[in-house]
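Student: Dumping the structure here so I can ask a few things about it.
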Amino acid sequence: HTKYSRNLFDGISHRRYAIVCEEVTEFYRENINRQYASGAAPGMTVEPELPDSLVKTGREFSDTAIISISRFSGEGWDRSSVEFKGEFNPWPNEVSMPRTAGIIFPDGDFYLTREEKVMITKVTAAFPKVVVVLNVGGIIDVSWIKDNPSISSALLAWQGGMEGGLAAADILFGSVNPSGKLPDTFAAHVN
């Protein structure tokens, strides 16, 4: 538990790399705050329906969109391609996290949700430049990035820690070269 953490918006704003469309930022900030107030955990949130008017506002503001996809991860928590039905539980006295994941990610948290797919379709149709940031601590399906010619680049932010937003912004805007190499391969299919 840290005193603070900086998300991607904080990193971009703090470094003054770009001005971010405030209407879009406020829409997501209000939504995530409501979800957290209702007991949602980071990476265990539902993608809200992105209004067409907000996509239009964002597109009038910029020709570049950043899509950030988040997933919960932690000790004893592997990706799943199926809904939790009681067959595995890393916490014997607690079933809320697996059960919640089954509600949020009906096809498993390895795959995009229907709501995420709708948002991505809207954004890639509207913006000529789209960047994806994967705010995940474990593998997820990335075939949608590879298969979508509208997405020009992707950044695996992994688990950036309390200054992860600054680090991701530095990489996205070319201030640093992230010369690290992944020793892992993301599976094309969870099976």
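Student: Please determine, by comparing only the residues of region 14-37 that are over 13 Å from I66 (Cβ atoms) and either among the polar types (S, T, N, Q) or in contact with a His (Cβ under 8 Å, 6 or more places away or on another chain) (or both), which one is surrounded by the fewest Cβ atoms within 10 Å (Cβ to Cβ).
Tutor: Out of the qualifying residues, it is N33.
Student: For S80, which of the numbered conditions (1) closer than 26 Å to G165 by Cβ; (2) of a type in the set (S, T, N, Q); (3) at pLDDT below 75 fails to hold?
Tutor: Every condition holds for S80 apart from (1).
Student: Any residue in region 100-122 that is within 17 Å of I67 (Cα to Cα) sitting within a Cβ distance under 6 Å of a residue that is at pLDDT 95 or above and part of a helix (DSSP H, G or I)? List the pairs, counting only those 6 or more apart or interchain.
Tutor: Correct list of pairs: K122/V55.
Student: Considering each residue of region 38-58, count those that are open to solvent by 90 Å² or more (accessible area, probe 1.4 Å) and in a helix (DSSP H, G or I), and give that number.
Tutor: So the count comes out to 2.
Student: Only residues that are open to solvent by less than 50 Å² (accessible area, probe 1.4 Å), in a helix (DSSP H, G or I) and among the hydroxyl-bearing types (S, T, Y): list them for region 112-171, please.
Tutor: T124, S143
Student: Only residues in region 42-70 that are modelled with pLDDT under 95 count as the first member; pair them with residues that are charged (D, E, K, R), Cβ under 6 angstrom, at least 6 apart or cross-chain, and list the lot.
Tutor: Close Cβ pairs satisfying both conditions: G43/R71.
Student: Let me ask another. Can you name the residue in region 172-191 that is modelled with pLDDT of 90 or more and not polar (S, T, N, Q) and, of all such residues, is surrounded by the most Cβ atoms within 10 Å (Cβ to Cβ)?
Tutor: Of region 172-191, the ones modelled with pLDDT of 90 or more are 172-176.
Cutting the leftovers down to not polar (S, T, N, Q) gives us 172-174, 176.
Numbers: L172: 20, F173: 14, G174: 8, V176: 10.
By that ranking, first place goes to L172.
Student: Could you please give the count of residues in region 50-75 that are acidic (D, E) and within 16 Å of the chain's Cα centre (by Cα)?
Tutor: Qualifying residue count for the region: 0.
The values are calculated or read from the model by the stated rules, or taken from the named source; none is laboratory data. What you see is a predicted model, and the numbers here were worked out from it, not measured in a lab. Using ideal geometry, Cβ is built from the backbone for each residue, glycine included, and neighbour counts are taken over all protein chains shown. Remember, those area values only see protein heavy atoms, side chains included, never the ligands or the DNA or RNA. Shrake-Rupley method; radii C 1.70, N 1.55, O 1.52, S 1.80 Å.
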